[in-house]
C-alpha cells in the first residue's frame, strides 16, 4: 500500500513541476542559427536570405519561412519521438500534392526549452562514402 501511495505522489510531483513531453518542447517558433554538413565545423547563418524560421504547432502542422521562401505542411514523430518527419503541402503559395506517407527520418539530436538540433540523412551518391547527417541548429524565438 505504501508503495502505491509513493508511486502516486511521485507521479503528481512530476506533473506539478512542469515536466514537459517532447511535443510540448517541440511545438514552438525556432530560428535557425547554423548547420553542420557531414560532421564538419558548424557554420553560423549570417545571410538573412538563408536563415529559416520554423513554427511547429500542436495540431501537427508547421510553417517555414525565410527571406525569400514561405512553406507549410504537416509533421509527425516516430513511435518513440526520437525522429520526426515533415511533408510540405504549400510552397510560396503553390499547393503541393503529396501521395506518400510522411517518412520520419529527421533525427532529434537535442531538444530542450531553448534548443532544437536535428540531423537529416544525407547521401551524396552510391560511390560517395561520405553519407551521414546534415545537422541543423535552432534556437527558440519568444
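The values are calculated or read from the model by the stated rules, or taken from the named source; none is laboratory data. The shown structure was predicted, so the numbers you read here are calculated from the model rather than taken from an experiment. So basically every Cβ, Gly included, is an ideal-geometry build from the backbone, and we count neighbours across all protein chains shown.
Quickly run through region 90-102 and pick out the residues that are surrounded by 14 or more Cβ atoms within 10 Å (Cβ to Cβ) and within 19 Å of residue 120 (Cβ to Cβ). Explain how you work it out, then say what you get.
To start, the set of residues in region 90-102 that are surrounded by 14 or more Cβ atoms within 10 Å (Cβ to Cβ) comprises 90-91, 102.
The answer is 91, 102.
Please verify whether residue 4 is at pLDDT below 95, more than 16 Å from residue 136 (Cβ to Cβ) and under 19 Å from the mean Cα position of the chain (by Cα), treating the condition exactly as stated.
Working: at pLDDT below 95: yes; more than 16 Å from residue 136 (Cβ to Cβ): yes; under 19 Å from the mean Cα position of the chain (by Cα): no.
So residue 4 does not fit the description; no.
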Original post:
What residue, of 92, 74, is modelled with pLDDT of 90 or more and more than 23 Å from residue 133 (Cβ to Cβ)?
Top reply: 92
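Please verify whether residue 75 is within 25 Å of residue 93 (Cα to Cα), without any contact (Cβ under 8 Å) to a residue 40 or more places away in the chain and buried (at least 18 other Cβ atoms within 10 Å of the Cβ), treating the condition exactly as stated.
On the way: within 25 Å of residue 93 (Cα to Cα): yes; without any contact (Cβ under 8 Å) to a residue 40 or more places away in the chain: yes; buried (at least 18 other Cβ atoms within 10 Å of the Cβ): yes.
When the stated conditions are applied, residue 75 passes them.
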